[in-house]
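See structure below.
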Amino acid sequence: MAGILVVLTGPTGVGKTELSLRLAEHWCCPILNADSRQVYRDIPIGTAAPTAEEQRRVKHYFVGTKGLDEEYNAGQFERDCLSVLESLQADSENGHVMAVLSGGSMMYIDAVCNGLDVFPDVPSDIRQQVREWYAEGGLTALQQRVQASDPVYWNQVDRNNPQRLMHCLEVTLVSGQPYSSYCRHTRAERPFAIVKVALNRDRKELYARIDARVEEMMRQGLEQEARSVWCEPVPNSLNTVGYKEMFSYFRGEITRDEAIRLIQQNSRHYAKRQMTWFRKDTDIHWIDASKDYEEQISILDRLVADTGRL
């Protein structure tokens, strides 16, 4: 066993950042960031990215490393994350590595822990064609095409997620085979043990924290940050909660107050989807985020010790 990877996850706003910092300091190890939007530069407020001070406390990977015009996905994250872990092992005196993988992006975490099925590369012209379908017909056009071309995947996919629908159509177009035919769901072997932990809170408390965090983001300058990166067409990196609503406000489609309300609402909806996903994972150990940090760390110490004895 080359080491232990502690996965710390949970819904947005639950309190992962501070616990991950304390764990990394406690174990003297780095944090591998598993947030699909914090990887991008220039949007630290709306993504609640680790601050400069927090990054000085602990070595972080995958924070602000990509430009907003760069494509990045779970498959690339899997390769990059495994490469970092391999390098850490090579640099270790005894070959035993410990690291914290912290974040709430479900596909990114799943890619590192279980591996992704191998899909064909998608040429830029195919990707552009599918994006034009979306631009012309909206979400409904994507839904109709996926339902017709791949009924199996249609019954599994989040039908309101345009990125998932577009990727399905891209793979189908380039291969001539249904997207679902590539989804074998075989778990990849990893040269390290994995301990999965998710934080949870009472739903009312969690939603109140989410609402308060959005208000704090506005005070920190989310509107100004969104204006500084706004462009048309909007790149995929900005097709996310916080920026989509601000851009609608900038276009005059909604008021500023409505944009804030929608950011809060959509953040709560995202947290609910995350919880649904995490609850399906029987490998996850749940920890009450309202416990004090000492108790949470003590629980994680025991889980790591038990894993190390296997």
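The values are calculated or read from the model by the stated rules, or taken from the named source; none is laboratory data. Quick caveat: nothing in here was measured; it's all calculated off a predicted structure. As a convention, Cβ positions derive from the backbone with ideal geometry for all residues, glycine included, and neighbour counts pool all protein chains shown. For the accessible areas, the whole protein counts, side chains as well, though only heavy atoms, and no ligand, DNA or RNA atoms are used. Shrake-Rupley method; radii C 1.70, N 1.55, O 1.52, S 1.80 Å.
Please identify, among Tyr270, Tyr243, Tyr182, the residue showing maximal mean-square fluctuation in a Gaussian network model of the chain using a 10 angstrom Cα cutoff. Result for the chain, Cα springs under 10 Å: Tyr182 fluctuates most. In the full protein context, the chain carries 51 Å² of accessible surface per residue, based on a 1.4 Å probe and ignoring ligands, DNA and RNA. Hydrophobic, long helices, defined as DSSP H runs whose alpha-carbon span along the helix axis is 24 Å or greater and whose mean Kyte-Doolittle value is at least -1.0, occur in the chain at 74-91.
If R0 is 51 Å, the Cβ-Cβ spacing of Arg159 and Glu93 corresponds to a FRET efficiency of close to 0.50.
For Lys280, the aspartates and glutamates whose Cα comes closer than 16 Å to its Cα, not counting residues fewer than 8 places off in the same chain, are Asp110, Asp158. When the accessible area of the chain is computed with all protein chains present and a 1.4 Å probe, what percentage of it is carbon and sulfur? Taking all protein chains in place, the chain shows 47 percent carbon and sulfur surface.
Under a point-charge model restricted to the Cβ atoms of Lys and Arg (+1) and Asp and Glu (-1), what is the dipole moment magnitude of the stretch 212-310 relative to its Cα centre, in debye to the nearest 20? Don't skip to the end; give the middle numbers.
Working: 15 positive and 17 negative charges, 70 e Å.
With only Lys, Arg, Asp and Glu charged at Cβ, the dipole is about 340 debye.
The length gained on full extension between Val152 and Arg57, counted as 0.36 nm times the residue separation minus their Cα-Cα distance, comes to 29.5 nm.
Eigen-decomposition of the gyration tensor built on the alpha-carbon atoms of the chain gives equivalent ellipsoid semi-axes of 32, 26, 18 angstrom, largest listed first.
Estimate the FRET efficiency between Thr255 and His26 by the formula 1/(1 + (r/R0)^6), using the beta-carbon distance for r and 41 Å for R0, to the nearest 0.05.
Taking R0 as 41 Å, the efficiency between Thr255 and His26 is 0.35.
Each Lys and Arg Cβ is given +1 and each Asp and Glu Cβ -1; about its Cα centre, the stretch 38-183 then shows a dipole of about 300 debye. Considering only Cα atoms, the convex hull volume of the stretch 151-244 works out to 204 Å³ per residue. Sorting the Cα pairs of the stretch 1-136 by distance into bins of 5 Å, from 0 upward, gives 2, 9, 18, 20, 20, 14, 8, 5, 3, 1, 0, 0 percent per bin. Distance between the modelled labels on Asp292 and Phe119, one decimal in nanometres: 4.7 nm (7 Å Cα→Cβ projection).
Kindly flag which residue pairs out of Lys196/Lys272; Lys16/Lys66; Lys59/Lys272 have an alpha-carbon separation exceeding 25 Å in this structure. The pairs that break the limit, which is 25 Å between Cα atoms, are Lys59/Lys272.
Put a plus charge on the Cβ of each Lys and Arg, a minus charge on the Cβ of each Asp and Glu, and nothing anywhere else: the dipole of the stretch 72-158 about its Cα centre is then about 280 debye.
Scaled against the 2.2 N^0.38 Å expected of a compact globular protein of N residues, the Cα radius of gyration of the stretch 123-173 reads 1.00. With Cα atoms as the point set, the stretch 18-94 shows a radius of gyration and Dmax of 13.1, 40 Å. Fully extending the segment from Gln144 to Asn73 would add 23.1 nm, taking 0.36 nm per residue of separation and subtracting the current Cα-Cα distance.
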